[in-house]
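A quick write-up on the structure given underneath.
Readers should treat all values here as calculations from the given coordinates under stated rules, not as data from a laboratory. As the structure is a computational prediction, the values presented were derived from the model and not from experiment. Cβ sites come from the backbone with ideal geometry, for glycine too, and all protein chains shown count toward neighbours.
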Amino acid sequence: MIILVMVKPSKPKADLGFFGEEHPVQSLLKDVIVMADSLKVRHPDVPHFLMGHSMGSFIVRNVLKHHAHNFAGAILMGSADVNPLTKVLLPINKVLAKVAPRQPNTVLANTMNKVLNSQLKDRTASSKFAWLSENTANIEAYEADPKTGFDFTNNGFMTLFTLMDTGLNKGWATTIAKNFPMLFISGEDDPIGNMGRGIRRVVKRLHKQKFNHVDIQLYPNMRHEVLHETDNQTVYQDILAWIKNTTPGA
C-alpha cells in the first residue's frame, strides 16, 4: 500500500508561513494531485491512501471533493468541524494578505494559541504550544526547532481560513462517493477538534448524509499531535489495522 501524507510544506526560513501570492490554495491542492499521480506511476499495483494532519487534513478534505476516486481511502487526523469564526476572519485576512502578504501576524497567532490553551483541562503548562501535546518532550522539541512554532504570515492565515471555509462546511463531502472510506483520528483533549466533540459531529453528519464507510478513533489523554504522544504506537497500529481492513487481500 502507498500512503500520501499531507502536512504543512517545508520552506526556506524566509518563506515560512507564506504560501505564494498567486492562488496559494489552488497551488497546494495541485501539489497533492501531482505527487499522487507520480506515486501511482511508480507504484501502479497497490492501493493509495491520502492522509492529512491538522491543516493537512483541511487540504485533504478539499482534494477529496474532486479527486476521491483516485484514492482507496483517506485518514483525516487532527481535523475540525465547522468554525463560524472562519467567516469573520477570512475577509479580514484577505485584505491583510493584499496589503502585507509576507508580514507575520503575531497578534493573531498568539491569540489563537491562547484560545486553544484555554480549552485544556490541565492549564498548568507554561508553553504557549501546550495544546499541541501532552508529551512535554514533544513540546520542547517543537519550540527548539526553528522550522516549527513560527507565526503564519497574513498570506498564510488567508490560505488556512480559505481551506477551512471550503473544506469544513457542512456540505464539503457532497461530491464524494458514499462508500468512500474515511477514518477520522483525534485526541480527546485536542482543542482543534473541540475536545473530540467536533470530530464526533463531523462523523455523525457524514453518517446522516448516507456515507457508509466513515470511522472515528478518539484517543483519551492525547492532544493535537497524536503521532507524537507517548502512546503513539497505538495510533500507528490502529491506522495500519484500518487500512488492512479497508483493503483486504491487498
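General remarks:
- Among the listed values [x] 13.2; [y] 16.6; [z] 14.3, the one matching mean projected area of the Cα convex hull in nm² as calculated from this structure is [x].
- Each Lys and Arg contributes +1 and each Asp and Glu -1, all at the Cβ; summed about the Cα centre of the chain, the dipole is approximately 960 debye.
- Relative contact order, percent, the chain [alpha-carbon distance under 8 Å, six or more residues apart]: 25 percent
- Other-chain or far-sequence residues with amide H under 5 Å of residue 51's (modelled H): 4, 5, 6, 75
- Once each of the trypsin sites (Lys or Arg not before Pro) sitting in a DSSP loop with at most 16 other beta-carbon atoms within 10 Å is removed, the chain keeps 1-101 as its longest stretch.
- Under 5 Å from the amide H of residue 184 lie the amide H atoms of 76, 215, 216, 217, each residue being 5 or more positions distant or on a separate chain, with H modelled from the backbone and absent for Pro and chain starts.
- Residue-count net charge about residue 63 - beta-carbon cut-off 13 Å; Lys, Arg +1, Asp, Glu -1: +1
- What the Kirkwood sum gives for the range 26-155 is a hydrodynamic radius of 17.4 Å, with every pair of different alpha carbons counted.
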